[in-house]
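Below: the structure, in structure tokens.
The values are calculated or read from the model by the stated rules, or taken from the named source; none is laboratory data. These numbers were taken from a predicted model, which means no experiment stands behind them. Cβ atoms come from the backbone with ideal geometry, glycine included; neighbour counts cover every protein chain shown. Ligands, DNA and RNA are excluded from the accessible area calculation, which covers all protein heavy atoms including side chains. Shrake-Rupley method; radii C 1.70, N 1.55, O 1.52, S 1.80 Å.
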Amino acid sequence: QVQFVESGGGLVQPGGSLRLSCIASGMIFEIYAMAWYRQAPGKQRELVARITTGETTYYADFVKGRFTIARDNAKKTLYLQMNSLELEDTAVYYCDVDRLLATGWSPLGSWGQGTQVTVSS
């Protein structure tokens with residue numbers, strides 16, 4: 001059974017930084033593309049960043065230049081370094097496997113509890 005445990009969220013002022021971690025279990029971590037998603041109150045879950053098995057990265061336009069995704073296959077851990085945080089980054093952040101289907105990229109849907117990021121002055 002695939003499970004993800006996200007951590008590292010918290011309350012931070014605008015312009016601050018946080019580093020999120022996601023520990024995976026029940027899967028061969030290194031053979032899957034992984035992604036961070038987020039869901040703000042009243043909004044749909046959206047892709048933040050993706051990293052493939054070859055460590056090619058993709059970022060949503062709203063985080064380009066501010067966030068960095070990374071992975072440590074030996075530790076089965078996915079990271080998201082978030083800098084220059086903005087009020088609009090407030091959301092619950094989740095990690096998941098990202099699959100390339102015929103219709104495009106799609107999350108596996110094995111959502112963990114997520115980690116809350118709140119950006120507020």
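For Asn73, all conditions in the list (1) surrounded by 18 or more Cβ atoms within 10 Å (Cβ to Cβ); (2) under 15 Å from Ile23 (Cβ atoms) hold save one; what is the number of the exception?
For Asn73, the exception is condition (1).
So, in segment 17-65, how many residues would count as being open to solvent by less than 20 Å² (accessible area, probe 1.4 Å), over 11 Å from Cys95 (Cβ atoms) and in a strand (DSSP E or B)?
The total comes to 1.
Determine whether segment 98-115 contains at least one residue that is in a strand (DSSP E or B), touching a residue at least 60 places away in the same chain (Cβ under 8 Å) and of a type in the set (Val, Ile, Thr).
Yes; the residues of segment 98-115 include at least one that is in a strand (DSSP E or B), touching a residue at least 60 places away in the same chain (Cβ under 8 Å) and of a type in the set (Val, Ile, Thr).
Using the structure shown, decide if Val5 is of a type in the set (Val, Ile, Thr) and buried (at least 16 other Cβ atoms within 10 Å of the Cβ).
no
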